[in-house]
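Peer 1: Before anything else, here's the structure in question.
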Amino acid sequence: MEFFLKPLAMLERRVPQAVINRDDLFTAIWAKRFLAADLAAVRIVSRSARSTIGRALAIMISKLGNGWIYLILGAITFQCAGREGLPIIALAGLNAALLHCLFPHIKRYIGRQRPFHADPQLPVLLKVLDEHSFPSGHTMTLSGVLVPIVIAWPSIAGSAVALILSMAWSRMATAHHYPSDVLGGVALGIVLAYPLSTYLLAIW
């Protein structure tokens, strides 16, 4: 809050530094606008889960992201590729483990509250696994798991994108995350998983 209020307070006191810190005021104003737009997007997306079908889908996809989806992806990979898919499965599991250990620390460091804290009128469809919002652990881990699979079989990139978008939608529809949370999760998952995946796939 100091980041937002300090430039405004300086203007109210009419101290000379207010002129020097006009950039701080500009940044604070646009930061507020960004946060407002982020929350408005959650309100819009959450409406898609008001129907019985929408609510059921949002809950089911989010629960799959708690772990089940990775078992399903591993089974599909083994079914399609057999033993040749085992290194991909192992690497995807390694990425999942590393990212799962990492994102809680990032969340605690950022300390961003979830959307339903900012707007108590948002319907919360599921219990949260932790109190912090950024980044989305679900999209971060899923993206990291899909990286080696897409590297090995680029033709499924479209399906991987659809899966990530579905997870991102469910996390916003349940009022657990902002759009910037899920985008940040996807970006971090890919950036952190890609170097390790390309290195290990090259030597295996």
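Peer 1: Which is the longest stretch in the chain that no exposed loop site breaks, taking sites as trypsin sites (Lys or Arg not before Pro) with a DSSP loop state and at most 14 other Cβ atoms within 10 Å?
Peer 2: 128-204
Peer 1: Under 12 Å from the Cβ of TYR178, count the other residues' Cβ atoms, weight Lys and Arg +1, Asp and Glu -1, and hand me the total. Walk me through the numbers on the way to the answer.
Peer 2: On the way: positive: ARG43, ARG112, ARG114, ARG171; negative: ASP38, ASP119, ASP181.
With Lys, Arg at +1 and Asp, Glu at -1, the neighbours total +1.
Peer 1: Something else now. In whole percent, how big is the carbon plus sulfur part of the accessible area of the chain, probe 1.4 Å, protein atoms only?
Peer 2: About 67 percent, which is the carbon plus sulfur part of the accessible surface.
Peer 1: Same structure again: Identify which of the listed values of percent of Cα pairs over 31 Å apart was calculated from the structure shown: (i) 16; (ii) 31; (iii) 23.
Peer 2: Looking at percent of Cα pairs over 31 Å apart for this model, the match is (ii).
Peer 1: Now a separate question. State, to one decimal in nm, how far the label point of VAL124 lies from the label point of LYS63, with both points 7 Å from Cα in the Cβ direction.
Peer 2: Computed distance between label sites VAL124 and LYS63 equals 1.8 nm.
Peer 1: Considering the chain as a Gaussian network with a 10 Å cut-off on Cα pairs, which listed residue, LEU25, LEU98, LEU188, attains the greatest mean-square fluctuation?
Peer 2: LEU25
Peer 1: Another question about this same structure. What number comes out for accessible area per residue over the chain if the probe is 1.4 Å? Units Å², please.
Peer 2: 58 Å²
Peer 1: Order TYR109, TYR194, TYR178, TYR70 by their accessible area, 1.4 angstrom probe, all chains in place, largest first.
Peer 2: Order by accessible area, largest first: TYR109, TYR194, TYR70, TYR178.
Peer 1: For the chain, what relative contact order do you get, as a whole percent, if you take Cα pairs closer than 8 Å and at least 6 residues apart?
Peer 2: Relative CO of the chain lands at 27 percent.
Peer 1: While we're looking at this one, here's another question. With a cut-off of 8 Å between alpha carbons and a minimum separation of six or more residues, what is the relative contact order of the range 119-204 in percent?
Peer 2: 47 percent
Peer 1: Placing +1 at every Lys and Arg Cβ and -1 at every Asp and Glu Cβ, with all other atoms neutral, what dipole size does the chain have around its Cα centre, in debye to the nearest 20?
Peer 2: Taking the Cα centre of the chain as origin, the dipole is about 500 debye.
Peer 1: Can I ask one more? Need one value: the accessible area of ILE151 in square angstrom, 1.4 angstrom probe, rounded to the nearest 10.
Peer 2: Its heavy atoms expose roughly 60 Å² to the probe.
Peer 1: What order do TRP68, TRP153, TRP204, TRP30 take when sorted by accessible area (1.4 Å probe), most exposed first?
Peer 2: These residues rank, largest area first, as TRP68, TRP204, TRP30, TRP153.
Peer 1: Ignoring ligands and nucleic acids, what accessible area does PHE116 show with a 1.4 Å probe (Å², nearest 10)?
Peer 2: Roughly 40 Å² of PHE116 is accessible to a 1.4 Å probe.
The values are calculated or read from the model by the stated rules, or taken from the named source; none is laboratory data. Computed from a prediction, not measured in an experiment: that's the story for all the values here. No Cβ is skipped: glycine too gets one built from the backbone with ideal geometry, and neighbour counts run over all protein chains shown. Surface areas here come from the heavy atoms of the whole protein model, side chains and all, with no ligands, DNA or RNA. Shrake-Rupley method; radii C 1.70, N 1.55, O 1.52, S 1.80 Å.
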